[in-house]
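The numbers here are math on the coordinates, done by the rules we state, and not lab data. Quick caveat, the model's predicted, so the values are computed rather than measured. We place every Cβ from the backbone using ideal geometry, glycine too, and count neighbours over all the protein chains shown.
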Amino acid sequence: MTQDARSKGRLIAVVGPSGVGKDSVMAGLKDAIPELHLVRRVITRAPELGGEVYDAVSVEKFEAMARDGAFAVHWGAHGLHYGIPTNVRYQLGKGTDCLANFSRKVLVQASKVFPQLVVLNITASSETLAQRLAARGRETASEISKRLAQADKPLPAGLQVIHLANDGPLSQTVARGVALLQPASV
């Protein structure tokens with residue numbers, strides 16, 4: 001379906017285990033499809049930790065923002081809180097497709113909030129994930145083991161899901177992702 005055929009943009013919820021390369025794939029997709037909007041999440045993580053560009057806030061500030069309705073969807077994972085700001089609705093209302101880094105555990109909730117939800121499920125082998133997690137240096141060996149144990153959690157049923165493997169070169173993954181997100185018109 002082309003952008004003009006939809007009255008609203010799609011929220012493309014990018015999911016996958018830690019270390020799969022979600023941020024890199026999202027940046028590559030944004031470069032390849034400039035009209036995509038990257039959603040900037042609010043996270044209770046220190047600002048200097050790198051990875052995605054996000055708004056760092058304290059737990060207290062996050063909780064106040066959640067009470068005040070600042071998030072369309074929010075969740076907790078790995079000792080942190082994550083929020084998708086409500087202003088994403090503005091971009092979607094203009095017909096803009098939006099990419100957002102999501103948690104699998106809130107996809108059903110998100111599908112109720114965002115009728116045009118598409119899940120981009122990025123995968124990689126256990127070996128690739130272990131190497132990437134160790135290289136980024138954010139977690140202990142025990143934390144890496146816990147993340148790897150959760151890597152194969154299934155997605156909820158009933159969602160529109162696009163699967164994208166990211167074991168090889170990033171450029172190839174991005175090219176496949178572009179093709180999957182923008183199928184040729186028939």
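Note down the nm distance, to one decimal, between modelled labels 7 Å out along Cα→Cβ at ALA179 and at LYS112.
About 3.8 nm separates the two model spin labels.
Between ARG40 and GLU60, what length in nm is gained on full extension when 0.36 nm per residue of separation is reduced by their alpha carbon distance?
Result: 5.3 nm gained on full extension.
Rounded to the nearest 5, what % of DSSP beta bridges with both residues in the stretch 31-148 are antiparallel?
Beta bridges within the stretch 31-148, antiparallel portion: roughly 65 percent.
Taking the Cα-to-Cβ direction at GLU143 and at LEU80 and moving 7 Å from each Cα, how far apart do the two end points lie in nm?
So the label points at GLU143 and LEU80 sit 0.9 nm apart.
Hey, how much of the P(r) for the stretch 59-178 falls beyond 18 Å, as a percent of Cα pairs?
63
Taking other Cβ within 10 Å of each residue's Cβ, how do VAL88, VAL113 sort, fewest first? Walk me through the numbers on the way to the answer.
On the way: VAL88 23, VAL113 16.
Fewest-to-most ranking of VAL88, VAL113: VAL113, VAL88.
Among the aspartates and glutamates, select those whose C-alpha is under 13 Å from the C-alpha of LYS8, and discard any that sit fewer than 8 residues away in the same chain.
List returned: ASP97.
Can you tally the net charge around HIS37? Count Lys and Arg as +1, Asp and Glu as -1, for every other residue whose Cβ sits under 12 Å from the Cβ of HIS37. Mind dumping the intermediate values first?
Details: positive: ARG10, LYS30, ARG40, ARG89, LYS94; negative: GLU35, ASP97.
For residues surrounding HIS37, the net value is +3.
Taking the number of other C-beta atoms within 10 Å as the exposure measure, put ARG89, ARG45 in order starting with the fewest.
Ranked by crowding around the Cβ, least crowded first: ARG89, ARG45.
Restricting attention to the stretch 23-66, which GluC sites (Glu not before Pro) occupy a DSSP loop and are surrounded by at most 12 other Cβ atoms within 10 Å?
Passing sites in the stretch 23-66 are GLU35.
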